[in-house]
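Enquirer: Next up is a structure, given as structure tokens.
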Amino acid sequence: MTKGEFRLAYAPGVTPGKWAGVWAERVREVPLRLIQVPAADAVPLLRDGGVDAAFVRLPVDREALHVIPLYLETTVVVVPKDHAVAAVEEVELADLADEDVFEPLDEVLAWGDRPGQPAFTRPESTAGAIELVASGAGVLLLPQSLARLHHRKDLTYRAVTDAPQSQIGLAWLEAATTDLMEELIGIVRGRTPNSSRGRTPQQQPTRKKPPQKHSTPKPRHRTRRRRT
């Protein structure tokens, strides 16, 4: 951690805003700096000391790292809006057997056998592959968060039910499990401030109860009996 801030890297498609908001409420004295980096660069940057923690796409090399798996993402296929796939809610890999499928160089999905037919080129980036899909040259499979990140009005996407999924995890160096790191772990896992394993929660000032007002009893009025 650099003096006065905690640096948190995140891969494209990860949306750390909610966690950053909770950090701002709980750790007011240490600003959280968010740094977006290509998925392949997150772990090297972490090992070089460029950041204190990172949201990464699994799997990664876990040597000297602590990694907490967080959630799995749905895999989708991106197609032009007038494509036949757009007429259904979801597809299987077999439905894409005759499609030209792009494999960008920054691919984040781990494939055994890639579906469909190899497209005529390998784009350098996911953004470049999206441009080619928009031209009608093929389709692209990727995590749903990346499809949303690269949204275009002329494209749509559908879930692929039997495709490999990308998993997001929180990674940090084993030797750097600080109180602030524990604070971040607690936030990401949804712990309340009192249950966080990090720093000792700041005690809230005890509020004094306002003095109770004692009402003065009203004197009883004796009813005089009339003499008969």
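Enquirer: If I ask for residues that are among the β-branched types (Val, Ile, Thr) and buried (at least 16 other Cβ atoms within 10 Å of the Cβ), which ones from the range 66-91 would you list?
Expert: Passing the criteria: 67, 74, 75, 76, 77, 78, 79, 85, 91.
Enquirer: Residue 166 fails exactly one of the following numbered conditions: (1) among the hydroxyl-bearing types (Ser, Thr, Tyr); (2) touching a Gly at 6+ places or on another chain (Cβ under 9 Å); (3) more than 25 Å from residue 44 (Cβ to Cβ). What is the number of that condition?
Expert: (3)
Enquirer: Is it the case that some residue within the range 54-76 is in contact with a Lys or Arg (Cβ under 7 Å, 6 or more places away or on another chain) and either within 23 Å of residue 22 (Cβ to Cβ) or of a type in the set (Gly, Ala, Ser) (or both)?
Expert: No, the range 54-76 contains no residue that is in contact with a Lys or Arg (Cβ under 7 Å, 6 or more places away or on another chain) and either within 23 Å of residue 22 (Cβ to Cβ) or of a type in the set (Gly, Ala, Ser) (or both).
Enquirer: Against the conditions (1) under 22 Å from residue 126 (Cβ atoms); (2) in a helix (DSSP H, G or I); (3) touching a strand residue (DSSP E or B) at 6+ places or on another chain (Cβ under 7 Å); (4) not polar (S, T, N, Q), where does residue 40 fall short? Just the number, please.
Expert: Unmet condition: (3).
Enquirer: Within the range 9-33, restricting attention to residues that are under 12 Å from the mean Cα position of the chain (by Cα) and not in a helix (DSSP H, G or I), which residue is nearest to residue 75 (Cα to Cα)?
Expert: The qualifying residue nearest to residue 75 (Cα to Cα) is 13.
Enquirer: Restricting to the range 12-35, name every residue that is within 23 Å of residue 167 (Cα to Cα) and touching a Phe, Trp or Tyr at 6+ places or on another chain (Cβ under 6 Å).
Expert: 14, 16
Read the figures in this text as sums done on the coordinates, not as results from a lab. Predicted model only: the values in this text are computed from it and were never measured. Note that we place each Cβ from the backbone using ideal geometry, even for glycine, and neighbour counts take in every protein chain shown.
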